[in-house]
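Report on the following structure.
The values are calculated or read from the model by the stated rules, or taken from the named source; none is laboratory data. Everything numeric in this text was worked out from a predicted model, so none of it was measured. Here Cβ is always computed from backbone atoms with ideal geometry, including for glycine, and neighbour counts include all displayed protein chains. Keep in mind that these areas ignore ligands, DNA and RNA; they rest on the heavy atoms of the full protein, side chains included. Shrake-Rupley method; radii C 1.70, N 1.55, O 1.52, S 1.80 Å.
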Amino acid sequence: MRSLLITGGAGFIGANFVHYWSRKYPRHRLVVLDALTYAGNLASLAPVSDAGQLRFVHGNICDSDLIDTLLAQEDVDTVVNFAAESHVDRSIVGPDPFIETNIVGTHALLKAARRAWSSEQCSSKTYRFHHVSTDEVYGSLGPTDAAFTEATPYSPRSPYAASKASSDHLVRAYGHTYGLPFTITNCSNNYGPYQFPEKMLPLMIVNALEGKPLPVYGDGGNVRDWLHVEDHCLGIELVLTHGTVGETYNVGGNSERANIDLIRQLCGLIDAAFADDSNLETRFPRCPAARKSSTAELITFVKDRPGHDWRYAIDASKISTALGYHPQQTLESGLHQTLRWYLDNESWWRAVMDGSYRAWIEIQYTKR
Ligand code: NAD
Ligand code: TYD
């Protein structure tokens, strides 16, 4: 039986990982540590909170005493570090929390894991510090460049990407210097249920349903490689169960798309959903699809993000060959499932779109 400390487990990917892991490993102990920033949401954990296997702790990964206590008290053998400030636009407006959580916080976790796992009594157990990172550490690709491999040199270009790159370096340094048993995954853009509607896909869904503009940065030609969050969880599972200590694995969805193409595809799915279900017209009367118009008419080209990386693409052949990873969702099936989730869980997204959310979105619109 494993005892996992899942940091950032009330965020988008962390909460999906908690659901995934509790379904597959119902006997494992799951301790979620989350500071409940604007991006953390206890409601995202509600489906598993009755299971008795989950303990939620409201706290900060920078709090060394708390982490020491949790690692000892819960006999934690596996740390999965999702906790982060994760939104590029916010890192451009205010980088400080990114440095604090992503760098200082990850370092606090590393120090605590080293303290807890280096004693004599611990020597017979198997431990793992798994760090969840991003493809953005590798920089930006041109249209014909080969996709990022694990050997691509780091070249972060936003404060967010630089803070994640720093944390990756610290994790590797702790492995090399102190023998801390670590693995790292660098993944591409995730999408799926429970994603905070500041990120591109959920923002476009909720704006479309409310009949608000769909703000496309620049000319919409920037390319991202989309990964359904369940496929990301599968990749992390394979690394935790069969991965080699000290290794890094890229996880991608084999789904590169220009933003504008993805947004048009989503608009088409929304139109089709309204055509299939007349209740949606009553629930979302402001969506153009409610009056049989095309949702795509909401697309609005806005001022580009400063330093906007042009293209990300993941070469996932290492994890595929070594661990048998293959994404289960196509972009088509994943988008369909994600739209369905947002249609079926209106109370979840309405609850997170509070005053501070609206203030942030307002800043974004007026800035452009
Ligand atoms: P998110 O912003 O949705 O969630 C982050 C969670 O961390 C929130 O619950 C928040 O409350 C918590 N948190 C923030 N600061 C904390 C602190 N100091 N102490 C404890 N908890 C804290 O992020 P996400 O999209 O779920 O991303 C999870 C991880 O995956 C991050 O490390 C991110 O860099 C990485 N990642 C995300 C994507 C993506 O597309 N979303 C892509 C690549 C990598
Ligand atoms: P985002 O979800 O912020 O992820 P990241 O910046 O980490 O890739 O953005 C995905 C892409 O969508 C990125 O190219 C920026 C673009 N984008 C828009 O065009 N409009 C928006 O309102 C947002 C949030 C993003």
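For segment 323-336, enumerate the residues that are in a loop (DSSP other than H, G, I, E, B) and surrounded by 15 or more Cβ atoms within 10 Å (Cβ to Cβ).
Passing the criteria: Tyr325, Pro327, Gln329.
All but one of (1) assigned to a helix (DSSP H, G or I); (2) surrounded by 18 or more Cβ atoms within 10 Å (Cβ to Cβ) hold for Asp68; state the number of the condition that does not hold.
(2)
Trp349 versus (1) open to solvent by 30 Å² or more (accessible area, probe 1.4 Å); (2) in a helix (DSSP H, G or I): which is the lone unmet condition?
(1)
For Asp261, all conditions in the list (1) over 21 Å from the mean Cα position of the chain (by Cα); (2) buried (at least 18 other Cβ atoms within 10 Å of the Cβ) hold save one; what is the number of the exception?
(2)
Are there any pairs, at least 6 apart or on different chains, whose C-beta atoms fall under 6 Å, with the first in segment 257-275 and at positive phi and the second open to solvent by 20 Å² or more (accessible area, probe 1.4 Å) and at pLDDT below 95, and if so, which?
Going by the 6 Å Cβ cut-off, there are no qualifying pairs.
Can you name every residue in segment 33-55 that is more than 11 Å from ligand 1 (Cβ to nearest atom) and either part of a loop (DSSP other than H, G, I, E, B) or modelled with pLDDT of 95 or more (or both)?
First pass over segment 33-55, keeping only residues more than 11 Å from ligand 1 (Cβ to nearest atom): 43, 46-55.
Ala43, Ser49, Asp50, Ala51, Gly52, Gln53, Leu54, Arg55 - these are the residues of segment 33-55 that are more than 11 Å from ligand 1 (Cβ to nearest atom) and either part of a loop (DSSP other than H, G, I, E, B) or modelled with pLDDT of 95 or more (or both).
If only one of Gly243, Gly211 is farther than 13 Å from Leu298 by Cα and small (Gly, Ala, Ser), which one is it?
From the options Gly243, Gly211, the qualifying one is Gly243.
Any residue at all in segment 1-21 that is part of a helix (DSSP H, G or I) and more than 19 Å from the chain's Cα centre (by Cα)? Outline the logic, then answer.
Within segment 1-21, the subset part of a helix (DSSP H, G or I) is 12-21.
Restricting the remaining residues to those that are more than 19 Å from the chain's Cα centre (by Cα) gives none.
The answer is no, given that none of the residues of segment 1-21 is part of a helix (DSSP H, G or I) and more than 19 Å from the chain's Cα centre (by Cα).
So in segment 309-322, with the set limited to residues that are touching a strand residue (DSSP E or B) at 6+ places or on another chain (Cβ under 8 Å) and open to solvent by 30 Å² or more (accessible area, probe 1.4 Å), which one is farthest from Val223 (Cα to Cα)?
Looking at residues that are touching a strand residue (DSSP E or B) at 6+ places or on another chain (Cβ under 8 Å) and open to solvent by 30 Å² or more (accessible area, probe 1.4 Å), I get Ala322.
Determine if segment 88-107 includes at least one residue that is of a type in the set (A, V, I, L, M, F, W, C), touching a strand residue (DSSP E or B) at 6+ places or on another chain (Cβ under 9 Å) and open to solvent by less than 40 Å² (accessible area, probe 1.4 Å).
Within segment 88-107 (the criterion being of a type in the set (A, V, I, L, M, F, W, C), touching a strand residue (DSSP E or B) at 6+ places or on another chain (Cβ under 9 Å) and open to solvent by less than 40 Å² (accessible area, probe 1.4 Å)), the answer is no, since none of the residues qualifies.
Any residue in segment 325-349 that's more than 18 Å from Leu227 (Cβ to Cβ): show its pairings with residues that are open to solvent by 50 Å² or more (accessible area, probe 1.4 Å) and not basic (Lys, Arg) at Cβ separation under 9 Å, as long as the two are six or more apart or on different chains.
So the pair list comes out as Ser347/Ala43; Trp348/Ala43.
This table checks each residue for (1) in contact with a His (Cβ under 8 Å, 6 or more places away or on another chain); (2) open to solvent by 30 Å² or more (accessible area, probe 1.4 Å).
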position: Gly8; (1), (2): no, no
position: Val18; (1), (2): no, no
position: Arg23; (1), (2): no, yes
position: Pro26; (1), (2): no, yes
position: Val32; (1), (2): no, no
position: Ala39; (1), (2): yes, yes
position: Ala46; (1), (2): no, yes
position: Gly52; (1), (2): no, yes
position: Asp63; (1), (2): no, yes
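Do the conditions hold for Asn81, that is, is it open to solvent by less than 10 Å² (accessible area, probe 1.4 Å), under 22 Å from the mean Cα position of the chain (by Cα) and polar (S, T, N, Q)?
It is true that Asn81 is open to solvent by less than 10 Å² (accessible area, probe 1.4 Å), under 22 Å from the mean Cα position of the chain (by Cα) and polar (S, T, N, Q).
Between Val79, Val88, which is within 16 Å of ligand 1 (Cβ to nearest atom), β-branched (Val, Ile, Thr), in contact (Cβ under 8 Å) with a residue 40 or more places away in the chain and farther than 19 Å from Gly9 by Cβ?
Within the list Val79, Val88, the selection yields Val88.
Would you mind stating whether Ala146 is in a helix (DSSP H, G or I), surrounded by fewer than 20 Cβ atoms within 10 Å (Cβ to Cβ), away from ligand 1 (no atom under 16 Å from the Cβ) and of a type in the set (Gly, Ala, Ser)?
In short, no.
Can you tell me which residues in segment 352-362 are surrounded by 13 or more Cβ atoms within 10 Å (Cβ to Cβ) and either among the small types (Gly, Ala, Ser) or touching a helix residue (DSSP H, G or I) at 6+ places or on another chain (Cβ under 9 Å) (or both)?
Passing the criteria: Val352, Met353, Trp360, Ile361.
Residue check, Tyr342 against (1) buried (at least 18 other Cβ atoms within 10 Å of the Cβ); (2) away from ligand 1 (no atom under 16 Å from the Cβ); (3) among the aromatic types (Phe, Trp, Tyr), all met but one. Which one?
Status for Tyr342: all satisfied but (2).
With respect to Val76, determine if the residue is part of a loop (DSSP other than H, G, I, E, B), open to solvent by less than 10 Å² (accessible area, probe 1.4 Å) and farther than 21 Å from Pro202 by Cβ.
Details: part of a loop (DSSP other than H, G, I, E, B): yes; open to solvent by less than 10 Å² (accessible area, probe 1.4 Å): yes; farther than 21 Å from Pro202 by Cβ: yes.
When the stated conditions are applied, Val76 passes them.
Can you tell me which residue within segment 125-140, out of those that are more than 18 Å from Asn250 (Cβ to Cβ) and open to solvent by 10 Å² or more (accessible area, probe 1.4 Å), is nearest to ligand 1 (Cβ to nearest atom)?
So the residue we want is Arg128.
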